[in-house]
1. Considering the range 65-78 alone, what residues qualify as being closer than 21 Å to R35 by Cα and part of a helix (DSSP H, G or I)?
2. In the range 1-37, which residue that is surrounded by 10 or more Cβ atoms within 10 Å (Cβ to Cβ) and touching a Ser or Thr at 6+ places or on another chain (Cβ under 7 Å) is nearest to L85 (Cα to Cα)?
3. Considering each of R60, R73, R77, R88 in turn, give the residue that is surrounded by 11 or more Cβ atoms within 10 Å (Cβ to Cβ) and modelled with pLDDT of 85 or more.
4. On the given criteria, is A97 surrounded by fewer than 10 Cβ atoms within 10 Å (Cβ to Cβ), modelled with pLDDT under 80 and of a type in the set (G, A, S)?
5. Select from the range 62-78 the residues that are in contact (Cβ under 8 Å) with a residue 40 or more places away in the chain and touching a Phe, Trp or Tyr at 6+ places or on another chain (Cβ under 8 Å) and list them in ascending order.
6. Please go through the range 10-34 and pick out each residue that is assigned to a loop (DSSP other than H, G, I, E, B) and either within 27 Å of D65 (Cα to Cα) or in contact (Cβ under 8 Å) with a residue 40 or more places away in the chain (or both).
7. If you go through the range 18-55, how many residues are at pLDDT 80 or above and of a type in the set (A, V, I, L, M)?
Amino acid sequence: MTIARIFKSGNSQAVRLPKEYRFATAEFGTYSPARVIQELVRELSWHSQLGAQSADHWSRRRLADTFVPRSRRWRSRALAAGVTLIGRAVDALWQPAAAPRPVVRP
């Protein structure tokens, strides 16, 4: 069984994931971490009060917009940044192997 461990780092808590669950990721930025946490707290508060009835509540719509803004401009920019990043990764990973050095004998 794989286990994630919680540990303290300074005054904060962090989670250490097992190696098989570590991946390279890229964040294209939406809002500040403070806003993300604020919206998560608001949505959790309303969800605990309304439960499943809150499927279309304003707090859920605002939380969704915090992670994936409805702005067409933002979506286009995020997609372009993602395509560029993938292209750079492919270029870095699939470079031709260096030619072997010739053997020089005296």
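1. D65, T66, F67, R72, R73, W74, R75, R77, A78
2. Among those that are surrounded by 10 or more Cβ atoms within 10 Å (Cβ to Cβ) and touching a Ser or Thr at 6+ places or on another chain (Cβ under 7 Å), it is T30.
3. Residue meeting the stated conditions: R77.
4. Criteria met by A97.
5. R77, A78
6. R22, F23, A24, T25, A26, E27, F28, G29, T30, Y31, S32, listed by residue number.
7. Adding up the residues that qualify gives 6.
Condition check ((1) assigned to a loop (DSSP other than H, G, I, E, B); (2) in contact with a Cys (Cβ under 6 Å, 6 or more places away or on another chain); (3) not small (G, A, S)) across all residues:
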position: D56; (1), (2), (3): yes, no, yes
position: L63; (1), (2), (3): no, no, yes
position: A80; (1), (2), (3): no, no, no
position: A89; (1), (2), (3): no, no, no
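The values are calculated or read from the model by the stated rules, or taken from the named source; none is laboratory data. Since this is a predicted model, take the numbers as computed values, not measurements. Glycine also receives a Cβ, built like all others from the backbone with ideal geometry; neighbour counts cover every protein chain displayed.
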